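Engineer: To start, I am sharing the structure in question, which I have written as structure tokens.
The values are calculated or read from the model by the stated rules, or taken from the named source; none is laboratory data. Just so it is clear, the structure is predicted and the values come from calculations on it, not from any experiment. Cβ coordinates were reconstructed from backbone atoms using ideal geometry, including for glycine residues, and neighbour counts include every protein chain displayed.
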Amino acid sequence: MPKGVLFDLDGTLLDSAPDFIESLNNLLQAYNKPKLDPEIIRSHVSDGSWKLVSLGFNVKEADPECARLREELLIEYAKNSLVFGGAFPGISEMLDSLLEMHIPYGVVTNKPLRFAEPIIKNEPAFKNCRTLICPDHLKKIKPDPEGILQGCMNLGIDPSDCVYVGDHVKDLKAGINAGTKVVACYFGYSLKPSDHDSNINGAHHPEDLASLIGVL
């Protein structure tokens, strides 16, 4: 049984895709651009806002226009955060089971603090989150292990006693680089069993996470 668990946020604990679908398509509509298929947006949420703008407006991420549009997308997203999306079904119960077993948990995400912190505070399922690590706190983001190592320190545990759970290859790499056990989320936005080594356990549904983490 782990002494602590760290989670990615979007696509792992949080189904933020509905908020991003609404936000990106609202922005595209404002520029008289065709809306994107919601499933295309969903499949790229874990790649970040730069990728979403690049896809929607057909601009390269290095283009200054992409940076301007990204900031407009984030302004729109701030209006829609937790309006259409929220914790995945089954996540609240899984987190409650951690509490019952006296296993602390936290979040290590590449989502900026200005968006992640209100979500942690306002989504009831995350009320017992013990630590939140965002890019604002770090020199390097995932797949670098810095955030996970900081999260373990904040929980007062050794990385070898921690499980890191995420829905992107960079999450698994970060956990492995930090020395934690890892669990893959296939119910998230981008990860498939073929994307990683076969010895890594994966959850097809949020309800699977508790047993894979070792709680049940």
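Engineer: Counting only residues that are over 20 Å from the mean Cα position of the chain (by Cα) and outside any helix (DSSP H, G or I), which one in region 6-55 is farthest from residue 72 (Cα to Cα)?
Structural biologist: Here the residue is 37.
Engineer: Being over 16 Å from residue 200 (Cα atoms) and part of a helix (DSSP H, G or I) narrows it down to one residue among 151, 175; which is it?
Structural biologist: Selected residue: 151, the only one of 151, 175 that is over 16 Å from residue 200 (Cα atoms) and part of a helix (DSSP H, G or I).
Engineer: So which of 48, 56 is under 18 Å from residue 134 (Cβ atoms) and among the small types (Gly, Ala, Ser)?
Structural biologist: Answer to the selection: 48.
Engineer: Does residue 36 satisfy the condition of being free of Cβ contacts under 8 Å to residues at least 24 places away in the same chain, of a type in the set (A, V, I, L, M) and buried (at least 16 other Cβ atoms within 10 Å of the Cβ)?
Structural biologist: For residue 36, the condition - free of Cβ contacts under 8 Å to residues at least 24 places away in the same chain, of a type in the set (A, V, I, L, M) and buried (at least 16 other Cβ atoms within 10 Å of the Cβ) - is met.
Engineer: Please go through region 78-130 and pick out each residue that is among the β-branched types (Val, Ile, Thr), closer than 21 Å to residue 22 by Cα and part of a helix (DSSP H, G or I).
Structural biologist: Those that are among the β-branched types (Val, Ile, Thr), closer than 21 Å to residue 22 by Cα and part of a helix (DSSP H, G or I): 119, 120.
Engineer: Can you tell me which residue within region 178-194, out of those that are over 17 Å from the mean Cα position of the chain (by Cα) and surrounded by fewer than 17 Cβ atoms within 10 Å (Cβ to Cβ), is modelled with the highest pLDDT?
Structural biologist: Once the filter is applied, the top-ranked residue is 179.
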